[in-house]
Amino acid sequence: MAKIELDLLENATDSLNEALTKYTEGKNGNLKAFKFAILHFSHFFELLLKYYVSESHPLLIYKNPFSKKIEKENTIGIWDAVQFLKNEGHGVSKQFEDDLRWFKELRNDIEHHKFSLDVEEAKSTLGRLMQTINEFNETVASFELKDHVDKELISEFEILADEYKAKVAQAIEDAEKIGGVENGYYCSCCGIAGTMSLTDGVYKCHFCNEECDEVECSVCGINIPEYEGQIWNDDHPPHVDYICDSCVYRIAHM
Ligand SMILES: [Zn+2]
Ligand SMILES: [Zn+2]
C-alpha cells in the first residue's frame, strides 16, 4: 500500500516543478507557458491534498475503502480531500477554499479553451494558495515542500510561497513600472532595494509606502530624497539647503 503514498507525493512534486518552470517562462508575458503553469499547479494542489489524506491511511484515497475490489474503486476528488482534512480538525480557511475553487474553474476554462485570463489576478490568487499550502504543509507533513523543489526553481518557489518575499517582489515590479530611479536604489525607510520610484519630484517606496520629496544637494547638485539629506543651512526659512551624505563625508575628510 505504501507505494500509493510515494507515487502521490512524487507526482505532486513533479507537477510543482513543472508548474514552476512554466510559471518562470509565463509570468513575463508568455501566455501559453502561463496557461500550462496553471494546469500543473492545479494538478499539484490536488495531488498534494490527496497525499495528506493518504497519510492517515493509504486506503482512504479510495471513495470506498471497504470495497472487495479495491483496485477498481474510484479515488477521491480534491473536495473530498479538503473535507477530510477539515474533519480531521485541520484549519482550512474560507479564503483558501475560495481561491482553490477560483483556480479550479480557471483550469477548467483553460482545458475547454474558453477563457479570458486576468494574469495579475491569477498571479495573486496563486500566491495566496502557495503561501497557504506551504504553511499547511509545515503543520501536517514531516517534510518541507522546498526540499522537493529543483535547485534552479527554489527562488521562484520562495517568492510565491513566502508572503513577505511575494510582497517585496510585487513592490519591485510596481516600482519598475513607474521608474525614475536607478535600478536597485533602496528605501532608507524599510531598507529594501529596488522598491523606490520617482515621479514629479516625489519618491515613493512601493513596499512600505513611504513618500518623500526630492531635494537637491546644495554642494554637488545631485537630487536625493529629503530624508537622506542633512540640513546644511536653514537660516532663511522657508528655504532650506540640503547636503548629501557623500558631500558631508568629503568635507569632513578634507
Ligand atoms: Zn520602504
Ligand atoms: Zn552632494
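The values are calculated or read from the model by the stated rules, or taken from the named source; none is laboratory data. The model shown is predicted, which means the values in this text are computed figures rather than measured ones. Backbone-built Cβ (ideal geometry, glycine too); neighbour counts: all protein chains shown. Heads up: the accessible areas ignore ligands, DNA and RNA and are worked out on the full protein's heavy atoms, side chains in. Shrake-Rupley method; radii C 1.70, N 1.55, O 1.52, S 1.80 Å.
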**Message:** Being of a type in the set (A, V, I, L, M, F, W, C) and within 19 Å of the chain's Cα centre (by Cα) is the requirement here; does Leu117 meet it?
**Reply:** yes
**Fill in**
Selection from the range 124-155 of residues surrounded by 18 or more Cβ atoms within 10 Å (Cβ to Cβ) and under 8 Å from the mean Cα position of the chain (by Cα) yields Leu126, Gly127, Arg128, Met130, Gln131
**Prompt:** Looking at (1) within 30 Å of Asn209 (Cβ to Cβ); (2) modelled with pLDDT of 85 or more; (3) out of contact with any Asp or Glu (no Cβ under 7 Å at 6 or more places or on another chain), which is the one condition that is false for Leu129?
**Reply:** (3)
**Request:** Output the number of residues of the range 195-212 satisfying the condition of being open to solvent by 60 Å² or more (accessible area, probe 1.4 Å), outside any strand (DSSP E or B) and more than 7 Å from ligand 1 (Cβ to nearest atom).
**Result:** 2
**Request:** Scan the range 173-182 and give yes if some residue there is aliphatic (A, V, I, L, M), within 30 Å of Tyr203 (Cβ to Cβ) and in a loop (DSSP other than H, G, I, E, B), otherwise no.
**Result:** yes
**Request:** Within the range 213-226, track down each residue that is away from ligand 1 (no atom under 11 Å from the Cβ) and either part of a strand (DSSP E or B) or open to solvent by 50 Å² or more (accessible area, probe 1.4 Å) (or both).
**Result:** Asp213, Glu214, Val215, Glu216, Cys217, Ser218, Val219, Cys220, Ile222, Asn223, Ile224, Glu226
**Item:** Top-ranked residue of the range 189-242 - restricted to ones that are within 14 Å of ligand 2 (Cβ to nearest atom) and among the polar types (S, T, N, Q), ranked as farthest from the chain's Cα centre (by Cα)
**Value:** Asn233
**Lone unmet requirement of (1) polar (S, T, N, Q); (2) open to solvent by less than 50 Å² (accessible area, probe 1.4 Å); (3) farther than 23 Å from Asn137 by Cβ for Ser42** = (3)
